[in-house]
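Inspection log for the structure reproduced underneath, given as structure tokens.
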Amino acid sequence: MTGREAARVLSEIAMLLEVVGGNPFRARAYAGAARRLEASSADLPALAAAGKLTTLPGVGEGIAETLRELVETGESSMLNRLAADTPVGLYDLMRIKGLGARRIRTLFAELGVDSLEKAEAAALDGRIAKLPGFGEKTAQKVLEGIAFARTARGRRRLPAALEVAERLLEWLGELDPVSAAECAGGVRRDLEVVDAVELVAASNRPADVLAAFRSLTGVAAAEDDGDACVEARFSDGLVARLTCVTPDRFAAALVRATGSEAHVAQLEARAAERGMRFDADGLWKGGTRVKLKDEAAFYRALGLSFVEPELREGWGEVEAAAEGRLPKLIEVNDLRGTFHCHTTWSDGRDSLADMAEAARERGWRYLGIGDHSQSVTYARGLPPTRVRAQHAEIDAWNRANGGKGKKRFRVFKGTEADILADGRLDYPDDVLASFDYVVGSVHSGFAMPEKEMTARLVRAVSNPHITMLGHATGRLLLRRDGYAVDVRAVIDAAAEHGVAVEINADPARLDVDWKAARYAAERGVLVPVNPDAHSAGALDNVAWGVRVARKGWLSARQVLNTWELEEVEEHFAKRKQARPP
């Protein structure tokens, strides 16, 4: 149990305490502890074993007990109780931007609003506008947010879905009849957002395993979906689906449950071409089921190289596997550093020195600082005078701590420059020229029409001072859609001007997505995996970005921050030399 994982649980407890628990003071305590834990690298298991959880900032006896339970069991009985008392529809209301726990509680307590449908009716008939502190504007925002919330119903971001999958796999592993169990479906394929957690188990007594899953506590409902499958639905609408088969059918069932519909259809066609049949009962040759040791044996039986789970989308991977053209995908260990990281100079939680040391502890050779630029005042963006002061600190740190030779480490001077409405960057050229690299990002003006937004970003990546484009669509998964933009046109412009396009690895963003990342790499655009880290612990966001890169067929050399320090220095230097005088 990491600090970030525990923080997510505490945050949900805080939300539910305020919405249905009626205890805003306790809710604030949990929320405060969650914020501190998110940025902490504390060893929770060690602190729990030593009885020292209360030494963590903001953690009293009650929260310490919740953390101890999380460490020991992987779940929280308090969260389970609160979730059981929470109408499913309130989870949907929590996705409406701008409402917040306090307003949701008011809607629930005053108007009995516990679903999107009731919220919509209350907004349309004027009841929301009449509530103290709400008004017509709030009612209109509720209506606008309901449409998006409906698309998010029953869905979770990949990290949260993985947590559910891991807990269920652990539970399955403790059942005597189960000989093997794996995650499948969209979670295994690393989709950014999923509406179901799919699992496949092997057992000589599949009926017993399915019966145990059917009676699993902590779910809202369970129902059969065929002889070998049971579905369970959690309180927020997320579906968990278990397929259990005999061991001789496990490999084929896992392939079938993992692949997208397109991938499975292509495998069925491939089998038919070879005089075989692939169906729900396995892979068949004549009237005999083919014995398969594992998934690799399944693909070999069809004359294919093994297809990594994240590639099984029907995007040409079967043809590539048949011809031996599948790429060697990037691994997290290929990274040598990263860019787009924030410090206490702007809205980060850790100092420049702490961020640098955390990067070095991860075995990296460089870290790019990318604090906000001057127009982003809400994030304490740096005016030119503070830029110069930060650069002086970076120079001093590199001299004192950078080392020499193969162990040399460097902090790069960067910025996340705001892309203004007309496509300009918000620093003058002389300030932009003082950075080693420049990330350009949009932080406002999201409502532009697609044509104007595309022109805005095309102009930005045409600026000779920009090095890479940050979070190109501005999306926040399950919170807001990205702005309207022709991403491929922007990538084409980036290719023309030698500008990299990042995968922003913040798990709430994962922007660009895997499809755009693949297109960028095909166009010869470098794709750095950047954590958008606002704390030392958030440097580990890169792991989520690597998942996106792998899903986009990227190999290590296509990701800028797999390059060695000297290569990155040369790349940045060439970019600066190519600028017009």
Report whether or not Trp315 is open to solvent by 50 Å² or more (accessible area, probe 1.4 Å), of a type in the set (Phe, Trp, Tyr) and under 24 Å from the mean Cα position of the chain (by Cα). yes
Which ones in segment 106-116 are part of a helix (DSSP H, G or I) and under 29 Å from the mean Cα position of the chain (by Cα)? Leu116
Quick one: count up the residues across segment 112-127 that are surrounded by fewer than 19 Cβ atoms within 10 Å (Cβ to Cβ), under 22 Å from Ala152 (Cβ atoms) and not hydroxyl-bearing (Ser, Thr, Tyr). 5
Cβ-Cβ distance below 6 Å, separation of 6 or more or different chains: which pairs start in segment 435-455 with a residue that is of a type in the set (Gly, Ala, Ser) and end on one that is in a loop (DSSP other than H, G, I, E, B)? Gly440/Ile466; Ser441/Gly470; Ser441/His471; Gly445/Ala421
Among the listed residues Arg365, Arg349, which satisfies the condition of being of a type outside the set (Gly, Ala, Ser), touching a residue at least 24 places away in the same chain (Cβ under 8 Å) and open to solvent by 40 Å² or more (accessible area, probe 1.4 Å)? Arg349
Give all pairs with beta carbons closer than 8 Å in which a residue from segment 380-399 that is assigned to a loop (DSSP other than H, G, I, E, B) meets a residue that is open to solvent by less than 50 Å² (accessible area, probe 1.4 Å) and not aliphatic (A, V, I, L, M); count only pairs at least 6 apart in sequence or on separate chains. Arg380/Trp345; Arg380/Ser346; Arg380/His372; Gly381/Ser346; Gly381/Asp371; Gly381/His372; Gly381/Ser373; Gly381/Asp418
Val499, sole failed condition from (1) farther than 25 Å from Leu335 by Cα; (2) crowded, with 24+ Cβ neighbours inside 10 Å: (1)
All positions within segment 517-569 that are of a type in the set (A, V, I, L, M, F, W, C) and farther than 30 Å from Trp345 by Cβ: Ala521, Trp553, Leu554, Ala556
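Only one of Leu199, Leu169 is surrounded by fewer than 22 Cβ atoms within 10 Å (Cβ to Cβ), over 20 Å from the mean Cα position of the chain (by Cα) and not hydroxyl-bearing (Ser, Thr, Tyr). Can you tell me which?
Values: Leu199 fails: surrounded by fewer than 22 Cβ atoms within 10 Å (Cβ to Cβ).
Step by step, each of Leu199, Leu169 is checked, and only Leu169 is surrounded by fewer than 22 Cβ atoms within 10 Å (Cβ to Cβ), over 20 Å from the mean Cα position of the chain (by Cα) and not hydroxyl-bearing (Ser, Thr, Tyr).
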Quick one: count up the residues across segment 88-100 that are farther than 19 Å from Leu10 by Cβ, without any contact (Cβ under 8 Å) to a residue 60 or more places away in the chain and open to solvent by 20 Å² or more (accessible area, probe 1.4 Å). 1
Tell me, which helices (runs of 4 or more DSSP H) lie completely within segment 514-577 with 2 or more residues that are open to solvent by 10 Å² or more (accessible area, probe 1.4 Å) and in contact with a helix residue (DSSP H, G or I) (Cβ under 8 Å, 6 or more places away or on another chain)? 514-522, 542-551
Checked segment 392-433 for anything farther than 28 Å from Ser462 by Cα and among the aromatic types (Phe, Trp, Tyr); matches are Trp397, Phe409
Provide a single number: the residues in segment 25-55 that are surrounded by fewer than 16 Cβ atoms within 10 Å (Cβ to Cβ), in a helix (DSSP H, G or I) and either modelled with pLDDT under 85 or in contact with a Ser or Thr (Cβ under 8 Å, 6 or more places away or on another chain) (or both). 1
Of the residues in segment 464-477, those that are touching a strand residue (DSSP E or B) at 6+ places or on another chain (Cβ under 7 Å) and open to solvent by 30 Å² or more (accessible area, probe 1.4 Å) come to Arg475
Being open to solvent by less than 90 Å² (accessible area, probe 1.4 Å) and not hydrophobic (A, V, I, L, M, F, W, C) is the filter; apply it to segment 128-145 and report the residue that is nearest to the chain's Cα centre (by Cα). Gly145
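Of the residues Arg103, Arg150, only one is closer than 20 Å to Glu12 by Cβ, open to solvent by 60 Å² or more (accessible area, probe 1.4 Å) and not in a loop (DSSP other than H, G, I, E, B); which?
Arg103
The values are calculated or read from the model by the stated rules, or taken from the named source; none is laboratory data. As the structure is a computational prediction, the values presented were derived from the model and not from experiment. Glycine gets a Cβ as well: all are built from the backbone with ideal geometry, and neighbour counts include every protein chain shown. Just the protein is used for accessible areas: all its heavy atoms, side chains included, with ligands, DNA and RNA removed. Shrake-Rupley method; radii C 1.70, N 1.55, O 1.52, S 1.80 Å.
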